[in-house]
1. Which order results if 244, 323 are arranged by neighbouring Cβ count within 10 Å, fewest first?
2. Full-extension gain between residue 422 and residue 180, please, as 0.36 nm times their residue separation minus the C-alpha to C-alpha distance.
3. What value, in deg cm²/dmol to 500, does the helix sum -39500 (n - 2.57) over DSSP H runs of n ≥ 4 give at 222 nm once divided by the residues of the chain?
4. Taking the Cβ of residue 131 as the center, what net charge do the other residues with Cβ under 13 Å away carry, scoring Lys and Arg +1 and Asp and Glu -1?
5. For the range 227-356, report the convex hull volume of the alpha-carbon atoms normalised per residue, in Å³, without decimals.
6. Relative to the first principal axis of the alpha-carbon coordinates of the chain, what is the inclination of helix 69-87, with its axis defined by its Cα atoms, in degrees from 0 to 90 and to the nearest 10?
7. Answer rounded, prolate or oblate for the range 92-223, using the Cα gyration tensor with square roots of eigenvalues a ≥ b ≥ c: rounded when a/c is under 1.5, else prolate when a/b is larger than b/c, else oblate.
8. Can you sort 22, 269 by how many other beta carbons sit within 10 Å, fewest first?
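What follows is calculated from the coordinates using simple rules that are stated; it is not laboratory data. Quick caveat, the model's predicted, so the values are computed rather than measured. Cβ atoms come from the backbone with ideal geometry, glycine included; neighbour counts cover every protein chain shown.
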Amino acid sequence: MSLNSNNVPPGEQPWLGVSRHSAWYAVCTLLLAYVFSIMDRQILTLLVGPIQHSLGVSDTQMGLLHGFTFAAFYAVVGMPIARLIDYGNRRIVIAAGVAMWCLATAAGGLAGEYWHLLLARIGVAVGEAVLIPGTVSLLADLFAPRQRGKALGVFGAAGPFGAGAGLLIGGTVLGLFTTAAPTLPLLGKLEAWQLTFLTLGLPGLLIALLVTLIPEPRSRKNRPREGITHAAQLPFAEVMAFLRANRRSYSALMLGGGFFYMGVYAISSWAPTFFVREFAWSYAEIGKQLGLFLCLLGPLGALFGSWLGDFWRNRGVVHGNLRVAAVGGLGLTLSSTLMLLMPTAELALIFLALSCPFWFIFFGAGPAAIQESSPAPMRGQFAAMYTGVINLLGAGLGPVAVGLLTDHVLHDPAAIKYAMLVVCLASGLLACGWFSRGFTSFGRTRRHAAIWEPGNGAPDHTDLSAPRHSPLL
């Protein structure tokens, strides 16, 4: 058997003994899980009208259902789950999360009141809180540092595909069930939106079984040095000390990401309703159009963002991923503003298509920035902080801010485009400002993560100014 310069078989990862095929099996399986995650989350945007008609709820209540409640519980459970991810069996934790959110999505189809549906969406949030921290931690152990950006970019591309598939499949299913809703054994006659939840939720349970076959490097005897210290041995005070020592970089990454996704969720959550109210389209029509855009153009945005971040970093721009985010914030704000101001549906569709890649440009680059700026035993916890903040600001405030403006400021559901415009402009400018704030400090944070050891505290920044040879850099 031929060996490379590190005396490792070509098909093996050099420090783990995990085959390249097994590592990419993990990426593909987690990608499928991410597709179902985004499908189960995104389908609610297509069901706003039917749910409002059936349950008699306002725009503000729908914003809370789609955004704040989901995000709040996602953030609350994120850190305990991340502590478990940083020292437990990640494939089992992820599989349990997948099963939970799929069952909770299906349970939403049995809701007869608003509060029933709210509880089901809380279950979706708790289950989905597992996936990103688990993936960030697991893929960092399965791939060499120079391969992690590519792996996360492929994983991130599943997000827009899942959103698009959810709208395409959901629009088709909703249309079929609206025309002829079947009567189910024991459940009786359900409404079309309820059947849509059931149809999208239950098949994801198969993905949970596939996740249990993912390799777990921690079960191997030849663990890498960077995986020896786990969260079980690491006091939370150490995590907070590292956070405080690098607060400028993390505030830029997390708050910038939060405001970025606030704009994304404000646009994506209400775009179907905007076309229904502004241009008298049906939800099924706009669902199919938007789903097609997301499936075709969204993955390009995620892959391009990861490629661009790697391109800049390989040329010495250590804050390349933050620069990607700033570019994405500008592109999102401009394209979404033009979409909302167009006089015809056809012109609005053009700018909706142009905005879709920007919704996902940070899907791979954001987790990659967490990977490269966090010590290995803390990756799951910093990923949980990151996803918690971006969900609280993004999913938590974006959709509900639009609903509050239409209900309590503009007092006119038909003025939804102005509510979306205000939120998009404000969040885009704030995002770009926060991202740029971290440009100068991010390189120091990467070097700090590379030399960190338990109990070493926060070294002087002068010690971090010179590049060091490290597997993390």
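1. Details: 244 10, 323 20.
So the ranking, lowest neighbour count to highest, is 244, 323.
2. Numbers: separation 242, 0.36 × 242 = 87.12 nm, distance 3.97 nm.
83.1 nm is the gain from fully extending residue 422 to residue 180.
3. Working: 21 runs with 335 residues, N = 473.
Mean residue ellipticity at 222 nm (helix-derived): -23500 deg cm²/dmol.
4. Details: positive: 41, 90, 91; negative: 40, 128.
Net of charged neighbours comes to +1.
5. Details: hull volume 20.5 nm³, N = 130.
Here the figure is 158 Å³ per residue.
6. Taking Cα atoms only, the helix is inclined about 20 degrees.
7. Numbers: a/c = 2.85, a/b = 2.11, b/c = 1.35.
Here the range 92-223 falls in the prolate category.
8. Working: 22 18, 269 25.
In order of increasing Cβ crowding within 10 Å: 22, 269.
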